[in-house]
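Encoded as structure tokens, the structure appears first; notes follow it.
No lab work stands behind these numbers, since they all come straight from the coordinates. Treat the numbers as computed from the prediction; the structure is a model and nothing was measured. Positions of Cβ are generated from backbone atoms using ideal geometry, with glycine treated the same way; all protein chains shown enter the neighbour counts.
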Amino acid sequence: MTEQEKKERIIKSRELIHWHKEPFDSDQKLQLPQPPLVKEPMTGELIPLPMNFEDLPMCDDFVKIINGRRSNRVYTQQPISLLAFSFMLWAQQGVKGIRGNNYATLRTVPSAGARHPFEVYPLVLNVEGLKPGIYHYLPMKNAVELLKEGDPADEAFMADVKTSVRGQAFALKASVIFYYSITQYRGEWRYGFNSHRVMMMDAGHVTQNLYLCCSALGLGGCAIGALDSDLCDSMIGLDGKDEFCFYCMPVGTVSSDNEDAEQGFYAFLNKK
Ligand SMILES: Cc1cc2nc3c(=O)[nH]c(=O)nc-3n(C[C@H](O)[C@H](O)[C@H](O)COP(=O)(O)O)c2cc1C
């Protein structure tokens, strides 16, 4: 890519962040049918997740939880409990109620116009009581469905997982990698060409809640924005157009003994 082409691409990308003022009739205003609030189950075989979150051992000092929020990239590869797994999913996308006559979901995170344009696909590597593989979270029921088994001992499968996060090998030692897709039309129906701007803002709330869960539960995670969307889509089975994967976050068990190794990820700062 030439420098000129690079500059043009940057200007185009900046456009995404503007709120465009030109008046237009959104599909909502045109009274076109509203897209479903959540994606339908993909398999029909649901695994309900426990919700007795009061039994989870976790820090309840809010200041400590916020202050302890950080990225961790060194995982000790211990299993995480099904209850912790369930809590992390609920905290990111759990549905608490419905607004109006099926107009919107009210969730544990905010979303512009309450559109909640995301689906979560946890890749389970080491969670008690679940087969390893790619699951789909059903936020209305706090349940998951297994889409595809995936053995962490299968080198070809793990090679794909590594490529999906553009070679960031630390993710492979996580107990679970939460992949997020965006279902564009949920936002576009209401906000048209301004939707992409606010949908990206929404995504930050989802992973921030996950970061805070990690801090409270003594787990570690690291948001990953640099991923291979096409490969993620084919791993999960998404069309890559109306719905595609755009973000993920591995979460695993951590130990304070590994702080030097954690800091090793910033060793480039010590180089001239
Ligand atoms: C949207 C987003 C994308 C990120 N992508 C990556 C990534 O691809 N690889 C990575 O190692 N860290 C990634 N991070 C983590 C940041 O590098 C990290 O938050 C930052 O260095 C600050 O460190 P802290 O989270 O420990 O405060 C990402 C964070 C966010 C919010």
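Centroid-to-centroid, using Cα positions, region 112-128 and region 132-173 are 12 Å apart.
Using a Gaussian network for the chain with springs between C-alpha atoms less than 10 Å apart, which of these wobbles most: 93, 168, 31? Maximum among the listed residues: 31.
Taking label positions 7 Å along the Cα-Cβ direction at both residue 55 and residue 267, the computed distance is 4.4 nm, reported to one decimal. Classify the chain as rounded, prolate or oblate, taking a ≥ b ≥ c as the square roots of the eigenvalues of its Cα gyration tensor: rounded when a/c is under 1.5, otherwise prolate if a/b is larger than b/c and oblate if not. Here the chain falls in the oblate category. Seen from residue 211, the other residues with C-beta closer than 9 Å to its C-beta sum to a net charge of +2, counting Lys and Arg as +1 and Asp and Glu as -1. Summing +1 for each Lys or Arg and -1 for each Asp or Glu among the other residues whose beta-carbon sits under 13 angstrom from that of residue 122 gives 0. Can you tell which of 62, 246, 85 shows the greatest fluctuation in a Gaussian network model of the chain with Cα springs below 10 Å? Comparing 62, 246, 85 in the GNM, the peak value goes to 62. Taking other Cβ atoms within 10 Å as a rough exposure proxy, 19, 189 sort from fewest to most as 19, 189. Taking each of 96/131; 64/141; 39/96 in turn, the alpha-carbon distance tops 19 angstrom for 96/131; 64/141. Suppose each label sits 7 Å from its Cα in the direction of the beta carbon; what would the residue 200-residue 62 distance come out to in nanometres? Going from the residue 200 label point to the residue 62 one covers 3.1 nm. Annotation: extensible slack from residue 234 through residue 21 equals 73.0 nm (criterion: 0.36 nm per residue apart, minus Cα-Cα distance).
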